[in-house]
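What follows draws every value from the coordinates through simple rules; no lab data is involved. Computed from a predicted structure; not experimentally measured. Note that we place each Cβ from the backbone using ideal geometry, even for glycine, and neighbour counts take in every protein chain shown.
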Amino acid sequence: MTPENTITLYPPRPLFGEFLPESDGKPIAESDTHRDQLFHLLNSLDDHFRDNPNVYITGNLFLHYLDENKQRKSITPDIFVVLGVEKKLRRYYQLELEGKAPDVVIELTSNETQLEDFGDKREIYAWMGVREYYVFDPTGEALKERLRGFRLDDGDYSPMMGARLHSEALGLDLVVEQGRLRLFDPKRRQYLLTHEESEAARRAAEAKTKAAEEKAEQEAAAREAAEIELARLREELAKLRSSKL
């Protein structure tokens, strides 16, 4: 059986003479809130899958594909994850060359983009075979339920229910925590660290190491001073004994 997230791929067009854009000239996020949420999710995913060379994670990258009429099209997911392809730097993701659709797409929606996110993009992702599709509203202005999730079922998306949505592809839960979309590892029973939390943990570890080094230096200096004092006392004792003889 063909996996849900694969499609019949047309032979790639000759690349000579074909221009595939790398940017549409638009800003990568609509607001500081969107940008911070985007970077938080990317950093968390990158760190979680850092030791797996076959998980590709990116955001705001052109995804080029050939539609049903073999016409070149492109779409730019806010975040997408592809399992089973090489982790490497890309200028764009060309579907027919990579041979695999994203497993997970996350769109950060807004009043301006929600119609597209729930309309054309949803249809395109389902056609491509994207296994899981999530839409999150970082500001809370566009959606009453700020997190919506969909799982591919027989070529169409079925809504995922509940406040905590489990991603079978990622092995992680998506949870809205204090207005921010966070990723939770149910096996370790802990949230993936944000960039700020990672930096705080790094600084705390460095401070702990520095304190331990300073303590070790102080203890070594104290031992050295004690040994010097002990040697001096022994020398005094030896002199006293010699004077009594």
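Side notes on the structure shown:
- Alpha-carbon geometry of the stretch 32-193: the Rg and the Dmax are 15.0, 46 Å, given in that order.
- Considering only Val104, Val81, Val55, the Gaussian network model of the chain with Cα springs below 10 Å gives its largest mean-square fluctuation to Val55.
- Annotation: amide H of Leu165 within the under-5 Å range of Leu174, sequence separation 5 or more or interchain, hydrogens built in the peptide plane.
- Max mean-square fluctuation residue, GNM over the chain, Cα-Cα springs under 10 Å, options Glu196, Glu227, Glu214: Glu227
- Total formal charge among the other residues, if their Cβ is under 11 angstrom from that of Ala220, Lys/Arg +1 and Asp/Glu -1: -4
- Gaussian network model of the chain, Cα within-10 Å springs - most flexible of Leu233, Leu42, Leu181: Leu233
- Within-14-Å neighbourhood charge of Glu236 [Cβ basis; K, R +1; D, E -1]: +3
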